[in-house]
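The values are calculated or read from the model by the stated rules, or taken from the named source; none is laboratory data. The model shown is predicted, which means the values in this text are computed figures rather than measured ones. Backbone-built Cβ (ideal geometry, glycine too); neighbour counts: all protein chains shown.
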Amino acid sequence: MLTLLTPLIFIALGQMIVLLSAGIDLSVGPVAGLTAVVCSFFLVEPVGAGDIVSGVGLALLASLAVGILNWCLIRKTLVTPVIATLVTFMCIRGSSLWLRSIPGGLTDGRVCDWLAARVGPVPIGFIVAALAALALEVLLRRTRWGLCLRAVGSSEINARKAGVSIELTYLGAYSSCALLSFAGGLMLMAQIGIGDPGAGVNYTLTSITAVVLGGASLFGGRGSFIGAFMGAMLIQQVMNVTTFIRLNSAWQFWLIGILIIAAALLYSGLRAGRRQGTVA
Amino acid sequence: MKSKHHNVRTFVQIVAAVTATFALMSAGNHATAESAASASFCGTKPIKIALATGFNGNSWRQITRAELEDEASKCKNITEILYTDGQLNPQKAISDIQGLVAQGTDAIVVFPDAGPALLPAIRAAHKSGVSIVPYISSPGGEPGKDYSASVVPDNAAIGALFANWMAERLHGKGVVVFFGGTPGNPTDQAIYEAAKKALVSKPDIKLVGGVQVTNYTAADAQKAMTGLLAQYPDIGGIISSYGGSSVGALRAIVSAGKPLVPLATTDINELGCAYYDYKPSNPAFELMTVGSYTWQSRAALRKAVAGAEGLKNDEPSVQSPTVLEDSTRQDLRPRCDKGLPLDVPQSANLSVEQLKALFAKK
Amino acid sequence: MIAQRLSLGSFGAIWVATALLFALCLVIAPSSLSNSSLMAMLPYAAILAVIAAGQTLVAQQAGIDLSVPGMVSLGAIFVTKIPDQAPHLMLPAILVSIVAGVAAGAGNGLCVAVGRITPIVATLGTNALLMGFIQWYSRGFPTPIVPLLGDWAVSQVFGIPAIAVAAVGILSTVQLIIRATIAGRRFEAVGANPLAATAAGLHTDRYVVAGYAAAGGCYAAGGVLLAAFLKTPDIFVGESYLLPSVAAVVLGGTALTGGLGSIVATAVAAVFLSQLGQLVLSVGAPTPVQWIIQALTIAMGMAWRQSSLRVLVARMRSALGYKIARATGGY
């Protein structure tokens with residue numbers, strides 16, 4: 001179960017960074033899928049060190065390029081993040097399907113084993129994801145990077161006045177989001193073991209759901225990586241629960257819907273309460 | 001009203017489950033060995049089985065489920081049947097299989113909609129000792145090594161059958177188009193390649209445009225056909241891997257004001273009915289269909305049960321196609337039953353009464 | 001004044017782009033302009049236009065509606081399931097479909113306006129709820145539409161597909177309500193500048209809820225038309241309309257950050273997108289290329305629009321203060 005959860009955690013963390021900057025990234029799912037597709041051309045049996053470097057390296061560069069492209073579209077042409085990343089979403093899906101018109105390129109079993117290696121019952125990938133969440137949380141609260149990110153997300157104008165380098169902050173947000181999606185893509189590849197052009201796309205909406213369940217505000221500036229981590233855990237748990245308590249197809253949809261609305265109402269109520277508290 | 005209460009109860013269950021526990025242990029095994037006669041494939045050990053599907057939103061899925069239940073009802077030792085629906089999300093499909101394994105399900109019949117991406121999860125289930133049998137679509141891998149057994153249609157034979165019938169209708173000369181389902185799915189690819197191979201010896205028949213994406217919907221097939229008609233005004237025949245979407249292709253031709261052409265595809269009630277509607281004004285329209293393999297869930301179940309019970313099952317794992325309708329033959333006239341939903345395949349191995357009960361208005 | 005000139009410019013562009021596209025079709029693939037090709041394209045464009053009109057109403061309130069798939073499917077499921085073996089229930093079924101869409105839309109609006117949930121999250125949630133409802137209500141299989149409605153959908157009125165005529169009727173009604181009634185003008189005012197509207201004493205929440213409800217009605221109406229046209233619609237038939245509806249809105253020139261919107265421009269954009277699809281299909285481009293071409297078209301359209309207006313927008317932004325856009329739900 002934890003293996004399945006790991007890609008979602010990485011991608012949700014990436015989504016969280018962008019959300020903190022008051023943006024949104026719809027291309028995270030396809031980026032994860034593209035990573036798996038690109039790697040599938042190199043990591044086939046028998047895999048050598050060179051293949052790993054070139055495959056993973058190329059996928060890394062591709063992801064980074066998408067991150068920078070997103071930033072360019074949003075900041076240089078002033079397209080809203082939804083539209084800009086919708087465009088990259090469609091382009092990357094198209095590219096993945098173009099590279100692999102049908103699923104192919106079985107990943108060398110050893111690579112999958114490495115990526116799915118465990119310490120006791122816990123996959124290493126999961127530990128790394130948990131540590132990443134923790135590290136990002138600390139960075140967000142304690143460093144200048146975190147301060148800049150939250151400042152830009154809360155109010156670009158005020159951040160500019162305070163001397164934050166706006167463009168650099170946005171560039172950092174979108175490229176680190178793409179890189180975390182890349183990490184998620186590697187874990188996804190370990191899970192599916194083949195270059196599947198359709199893989200990963202669902203992570204876009206799931207990652208947004210995860211950060212929302214984790215209490216992030218889509219208006220930017222507010223949110224926590226630990227929250228995103230917990231949100232991802234909750235989604236995975238809901239998926240598991242549906243089979244355990246024999247839910248029919250309809251309830252498998254309803255459960256997620258109820259959770260999203262309930263969580264969003266709860267958080268918005270909490271915030272309203274807090275605001276009123278400060279006024280009083 | 002009844003179902004409303006059911007929903008309230010289910011909701012209470014969910015709340016209890018979500019709040020109470022992070023991993024529910026498998027429900028208590030309330031199996032009691034019954035001595036009533038079971039069919040010979042059943043074995044004796046009480047087992048819990050599951051049907052894991054990647055999508056559950058059309059009549060075909062409801063029929064395969066009913067066929068599986070019908071087959072399972074022959075076994076007194078099957079204590080429970082679980083169902084999961086991947087909702088077209090590969091991650092959920094993987095999670096479903098893992099969840100079923102964790103609950104101690106003995107045998108799983110799986111429709112691997114997500115394709116080879118599901119193989120690692122299937123392999124893991126197999127390695128943990130669950131008897132898991134993919135059917136209809138192959139996730140790749142090998143029976144015995146990656147899963148207990150599999151049952152799939154003979155896609156190569158289907159492709160050849162379609163192509164040869166079409167070549168006969170066109171008297172060896174004409175333009176033929178091919179309709180598939182989701183982009184890049186291996187089943188369509190196999191049928192397409194086989195059709196192409198069969199047409200190599202007929203140089204005057206051109207298979208054009210590659211595999212058209214329809215996402216198994218009539219709407220997308222209609223759009224694709226409209227585009228094809230613009231590109232190839234003289235299309236002489238249609239081969240399609242799914243009858244349900246072919247209806248859209250026919251509608252595109254009709255709305256373009258052109259005469260209908262021969263169609264080879266899988267059977268579905270709506271096409272049989274469309275044949276009788278269209279034929280009078282479209283003399284060149286002919287229809288050939290092969291059965292839709294809804295019954296394959298039965299064979300998959302038998303194999304899965306055999307695996308869980310340690311029995312031998314020698315049924316073929318590749319099932320040849322059967323021609324169900326062929327409008328050029330008197331003995332295989334197209335079938336149309338107005339009392340059944342239009343997207344029901346008549347090749348289902350259920351009685352008309354069973355089908356009607358399944359789709360009756362409640 | 002500036003805003004008005006701006007809106008004319010931004011909504012006029014799509015007409016030019018569509019004219020250019022048809023000219024391009026004439027050069028590259030004249031067959032995509034044949035009568036049969038156009039007759040096949042129009043019903044889809046019409047259905048998309050009705051659905052995208054709903055998305056326009058939501059965008060005007062600085063929202064984005066992810067519940068389009070559920071809403072469209074909802075309309076399609078009621079109009080097919082209710083009159084099943086009871087054809088006399090056809091008209092009530094159409095009514096139920098629309099009312100259900102309006103009710104579900106109002107639910108979205110309440111979540112957004114009263115519950116203070118971000119539109120993208122609220123509609124993501126309601127979409128899942130609707131999908132569950134459809135799975136439950138349909139019992140997992142589709143039902144054909146009543147023959148009368150199905151036959152009507154493929155008929156023609158003076159050589160124009162009946163669906164297109166119906167869509168023009170629906171869109172004119174919506175447009176009339178917005179432009180010619182006091183409530184409609186206020187709705188536009190609330191979208192264009194919520195702070196000013198509040199200051200002028202308007203209950204902005206009511207207009208936001210009304211906007212989402214009307215949008216729900218449009219989606220459901222689109223679902224009814226779609227069901228009639230397809231005869232046996234899949235239970236999740238609305239699934240493929242989410243991205244095109246958003247694309248039509250932005251190409252039409254309505255900003256997702258709120259403000260003035262144009263249903264007419266969105267409808268023209270729906271024709272543009274449908275004809276573009278027809279063009280790439282008729283030159284035989286494979287699926288991945290189709291996706292990429294569509295994405296690039298949207299990107300180019302947006303980039304071109306934004307760069308020509310960029311200076312103006314930047315000025316407006318600094319004048320209004322960036323905060324307003326944020327406070328009203330922009331990203």
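Can you list the strands (runs of 3 or more DSSP E) found entirely within the range B:94-205 that contain at least 2 residues being within 18 Å of the chain's Cα centre (by Cα)?
Details: elements: B:107-111, B:131-134, B:174-179.
The strands (runs of 3 or more DSSP E) meeting that bar are B:107-111, B:131-134.
Taking the residues in the range A:191-205 that are assigned to a helix (DSSP H, G or I) and at the interface with chain B (Cβ under 8 Å from one of its Cβ atoms) as candidates, determine which candidate is farthest from A:A117 (Cα to Cα).
Just the residues of the range A:191-205 that are assigned to a helix (DSSP H, G or I), to begin with: A:191-192, A:203-205.
Subsequent filtering for residues that are at the interface with chain B (Cβ under 8 Å from one of its Cβ atoms) retains A:191-192, A:203.
Working: A:Q191: 12, A:I192: 15, A:Y203: 23 Å.
Only one residue fits best here, namely A:Y203.
Would you check which residues across the range B:217-243 are within 8 Å of another protein chain (Cβ to nearest Cβ) and assigned to a helix (DSSP H, G or I) and list them? Even if it seems obvious, please write down each step before you answer.
At the first step, the residues of the range B:217-243 found to be within 8 Å of another protein chain (Cβ to nearest Cβ) are B:217-220, B:222-224, B:226-231, B:233.
Residues satisfying the conditions are B:A218, B:A219, B:D220, B:Q222, B:K223, B:A224, B:T226, B:G227, B:L228, B:L229, B:A230, B:Q231.
In the range C:103-119, which residue that is surrounded by 21 or more Cβ atoms within 10 Å (Cβ to Cβ) and among the aliphatic types (A, V, I, L, M) is nearest to the other protein chains (Cβ to nearest Cβ)? First the steps, then the outcome.
Filtering the range C:103-119 for residues surrounded by 21 or more Cβ atoms within 10 Å (Cβ to Cβ) gives C:104-105, C:107-109, C:111-113, C:117-119.
So of that shortlist, the ones also among the aliphatic types (A, V, I, L, M) come out as C:104, C:112-113, C:117.
Numbers: C:A104: 12, C:V112: 10, C:A113: 12, C:I117: 4 Å.
That would be C:I117.
Please work out if A:A216 is crowded, with 23+ Cβ neighbours inside 10 Å, at pLDDT below 90, assigned to a loop (DSSP other than H, G, I, E, B) and at the interface with another protein chain (Cβ under 7 Å from one of its Cβ atoms). Break it down stepwise before answering.
Details: crowded, with 23+ Cβ neighbours inside 10 Å: yes; at pLDDT below 90: yes; assigned to a loop (DSSP other than H, G, I, E, B): yes; at the interface with another protein chain (Cβ under 7 Å from one of its Cβ atoms): no.
Spelling it out, it is not the case that A:A216 is crowded, with 23+ Cβ neighbours inside 10 Å, at pLDDT below 90, assigned to a loop (DSSP other than H, G, I, E, B) and at the interface with another protein chain (Cβ under 7 Å from one of its Cβ atoms).
Does at least one position in the range B:280-288 carry a residue that is farther than 30 Å from B:S131 by Cα and under 19 Å from the mean Cα position of the chain (by Cα)? Let's see the steps before the verdict.
As a first pass, look at the range B:280-288 and keep what is farther than 30 Å from B:S131 by Cα: B:280-288.
This time we only want the ones that are under 19 Å from the mean Cα position of the chain (by Cα), so: B:288.
Checked the range B:280-288: at least one residue is farther than 30 Å from B:S131 by Cα and under 19 Å from the mean Cα position of the chain (by Cα).
Please verify whether the range C:82-90 includes one or more residues that are within 14 Å of chain B (Cβ to nearest Cβ), at negative phi and in a helix (DSSP H, G or I).
Taking the range C:82-90 first, the residues within 14 Å of chain B (Cβ to nearest Cβ) are C:82-87, C:89.
Right, trim to at negative phi and you get C:82-84, C:86-87, C:89.
Still in the running and in a helix (DSSP H, G or I): C:87, C:89.
Within the range C:82-90, one or more residues are within 14 Å of chain B (Cβ to nearest Cβ), at negative phi and in a helix (DSSP H, G or I).
Of all residues in the range A:96-116, which are within 7 Å of another protein chain (Cβ to nearest Cβ) and hydroxyl-bearing (S, T, Y)?
Of everything in the range A:96-116, just one residue is within 7 Å of another protein chain (Cβ to nearest Cβ) and hydroxyl-bearing (S, T, Y), namely A:S101.
Look at A:S176 and say whether it is surrounded by fewer than 24 Cβ atoms within 10 Å (Cβ to Cβ), small (G, A, S), at pLDDT 90 or above and part of a helix (DSSP H, G or I). Full working, then the answer.
Values: surrounded by fewer than 24 Cβ atoms within 10 Å (Cβ to Cβ): yes; small (G, A, S): yes; at pLDDT 90 or above: yes; part of a helix (DSSP H, G or I): yes.
Yes, satisfied.
Might you check whether a residue that is in contact with a strand residue (DSSP E or B) (Cβ under 8 Å, 6 or more places away or on another chain) and either under 30 Å from A:A151 (Cα atoms) or modelled with pLDDT under 95 (or both) occurs anywhere in the range A:6-26?
At the first step, the residues of the range A:6-26 found to be in contact with a strand residue (DSSP E or B) (Cβ under 8 Å, 6 or more places away or on another chain) are A:6.
Of the ones still in play, those that are also either under 30 Å from A:A151 (Cα atoms) or modelled with pLDDT under 95 (or both) are A:6.
Within the range A:6-26 (the criterion being in contact with a strand residue (DSSP E or B) (Cβ under 8 Å, 6 or more places away or on another chain) and either under 30 Å from A:A151 (Cα atoms) or modelled with pLDDT under 95 (or both)), the answer is yes, since at least one residue qualifies.
Go through (1) in contact (Cβ under 8 Å) with a residue 12 or more places away in the chain; (2) within 14 Å of another protein chain (Cβ to nearest Cβ); (3) aliphatic (A, V, I, L, M) and name the single condition A:A159 misses.
(1)
Looking only at the range B:303-334, count every residue that is assigned to a loop (DSSP other than H, G, I, E, B) and surrounded by fewer than 19 Cβ atoms within 10 Å (Cβ to Cβ) and tell me the total. Working first, answer last.
So in the range B:303-334, the residues assigned to a loop (DSSP other than H, G, I, E, B) come out as B:310-317, B:320-322, B:327-329, B:333-334.
Filter once more, keeping what is surrounded by fewer than 19 Cβ atoms within 10 Å (Cβ to Cβ): B:310-317, B:320, B:322, B:328-329, B:333.
Adding up the residues that qualify gives 13.
Output the qualifying pairs, or none if there are none: Cβ atoms under 6 angstrom, residues six or more apart or on different chains, first residue in the range C:23-36 and in a helix (DSSP H, G or I), second residue surrounded by fewer than 17 Cβ atoms within 10 Å (Cβ to Cβ).
The qualifying pairs are C:S36/B:G257.
Would you mention how many residues in the range C:146-156 are modelled with pLDDT of 85 or more and facing another protein chain (nearest Cβ under 10 Å)? Spell out how you get there, then give the answer.
Step one: of the range C:146-156, the residues modelled with pLDDT of 85 or more are C:146-153, C:155-156.
The next check asks that each one be facing another protein chain (nearest Cβ under 10 Å); those that pass are C:156.
Final tally of qualifying residues: 1.
Can you tell me which residue in the range B:97-107 is farthest from B:V152 (Cα to Cα), limited to those that are buried (at least 23 other Cβ atoms within 10 Å of the Cβ) and within 11 Å of chain A (Cβ to nearest Cβ)?
B:G99
Select, from B:L355, B:L340, the only residue that is of a type outside the set (K, R), under 17 Å from the mean Cα position of the chain (by Cα) and within 14 Å of chain C (Cβ to nearest Cβ). Please lay out each step first, then the result.
Numbers: B:L340 fails: under 17 Å from the mean Cα position of the chain (by Cα).
Of the residues listed, the single one that is of a type outside the set (K, R), under 17 Å from the mean Cα position of the chain (by Cα) and within 14 Å of chain C (Cβ to nearest Cβ) is B:L355.
All but one of (1) under 14 Å from the mean Cα position of the chain (by Cα); (2) more than 14 Å from chain B (Cβ to nearest Cβ); (3) assigned to a helix (DSSP H, G or I) hold for C:M302; state the number of the condition that does not hold.
Exception for C:M302: condition (1).
Surrounded by fewer than 16 Cβ atoms within 10 Å (Cβ to Cβ), outside any helix (DSSP H, G or I) and more than 7 Å from every other protein chain (Cβ to nearest Cβ) - does that describe any residue in the range C:167-185?
Yes, the range C:167-185 contains a residue that is surrounded by fewer than 16 Cβ atoms within 10 Å (Cβ to Cβ), outside any helix (DSSP H, G or I) and more than 7 Å from every other protein chain (Cβ to nearest Cβ).
Would you point out the residue of the range B:254-279, among those that are within 11 Å of chain C (Cβ to nearest Cβ) and assigned to a loop (DSSP other than H, G, I, E, B), that is farthest from B:I136 (Cα to Cα)?
That would be B:G257.
Step by step: first the residues of the range A:36-89, then only those that are closer than 26 Å to B:P116 by Cβ and charged (D, E, K, R), then the one that is surrounded by the fewest Cβ atoms within 10 Å (Cβ to Cβ). Which residue is that?
A:E45
Would you mention how many residues in the range B:335-362 are outside any loop (DSSP other than H, G, I, E, B) and surrounded by 14 or more Cβ atoms within 10 Å (Cβ to Cβ)? I'd like the intermediate steps shown before the answer.
If we filter the range B:335-362 for residues that are outside any loop (DSSP other than H, G, I, E, B), which is where we start, we get B:352-359.
From what's left, surrounded by 14 or more Cβ atoms within 10 Å (Cβ to Cβ): B:354-356, B:358-359.
Summing the residues that are outside any loop (DSSP other than H, G, I, E, B) and surrounded by 14 or more Cβ atoms within 10 Å (Cβ to Cβ) in the range B:335-362 gives 5.
Restricting to the range C:204-240, give me the number of residues that are more than 10 Å from chain B (Cβ to nearest Cβ) and either without any contact (Cβ under 8 Å) to a residue 40 or more places away in the chain or not small (G, A, S) (or both). Break it down stepwise before answering.
Taking the range C:204-240 first, the residues more than 10 Å from chain B (Cβ to nearest Cβ) are C:204-225, C:227-228, C:238.
Pick out the ones that are also either without any contact (Cβ under 8 Å) to a residue 40 or more places away in the chain or not small (G, A, S) (or both) and you get C:204-209, C:212, C:218-219, C:224-225.
Count: 11.
Within the range C:135-142, can one find any residue that is without any contact (Cβ under 8 Å) to a residue 24 or more places away in the chain, closer than 19 Å to A:S249 by Cα, within 14 Å of chain A (Cβ to nearest Cβ) and not hydroxyl-bearing (S, T, Y)?
So the first thing to find is which residues in the range C:135-142 are without any contact (Cβ under 8 Å) to a residue 24 or more places away in the chain, and the list is C:136, C:139.
Keeping just the survivors that are closer than 19 Å to A:S249 by Cα gives C:136, C:139.
Filter once more, keeping what is within 14 Å of chain A (Cβ to nearest Cβ): C:136, C:139.
Right, trim to not hydroxyl-bearing (S, T, Y) and you get C:136, C:139.
Within the range C:135-142 (the criterion being without any contact (Cβ under 8 Å) to a residue 24 or more places away in the chain, closer than 19 Å to A:S249 by Cα, within 14 Å of chain A (Cβ to nearest Cβ) and not hydroxyl-bearing (S, T, Y)), the answer is yes, since at least one residue qualifies.
Could you tell me how many of the residues in the range B:68-91 are crowded, with 24+ Cβ neighbours inside 10 Å and touching a Ser or Thr at 6+ places or on another chain (Cβ under 8 Å)?
Here the count works out to 6.
When residues of the range B:169-187 are filtered for being free of Cβ contacts under 8 Å to residues at least 12 places away in the same chain and surrounded by fewer than 19 Cβ atoms within 10 Å (Cβ to Cβ), how many remain?
First, the residues of the range B:169-187 that are free of Cβ contacts under 8 Å to residues at least 12 places away in the same chain: B:171, B:184.
From what is left, the residues that are surrounded by fewer than 19 Cβ atoms within 10 Å (Cβ to Cβ) are B:171.
Here the count works out to 1.
Within the range C:186-211, can you find the residues that are among the hydrophobic types (A, V, I, L, M, F, W, C) and not in a helix (DSSP H, G or I)? Can you show your working first?
To start, the set of residues in the range C:186-211 that are among the hydrophobic types (A, V, I, L, M, F, W, C) comprises C:187, C:189-190, C:192, C:195-197, C:199-200, C:202, C:208-210.
Listed by number, the residues that qualify are C:A200, C:L202.
If the requirement is being facing another protein chain (nearest Cβ under 7 Å) and buried (at least 24 other Cβ atoms within 10 Å of the Cβ), which of these qualifies: A:F225, A:F253, A:F182? Break it down into steps so the answer makes sense when it comes.
Details: A:F225 fails: facing another protein chain (nearest Cβ under 7 Å); A:F182 fails: facing another protein chain (nearest Cβ under 7 Å).
Only one candidate qualifies: A:F253.
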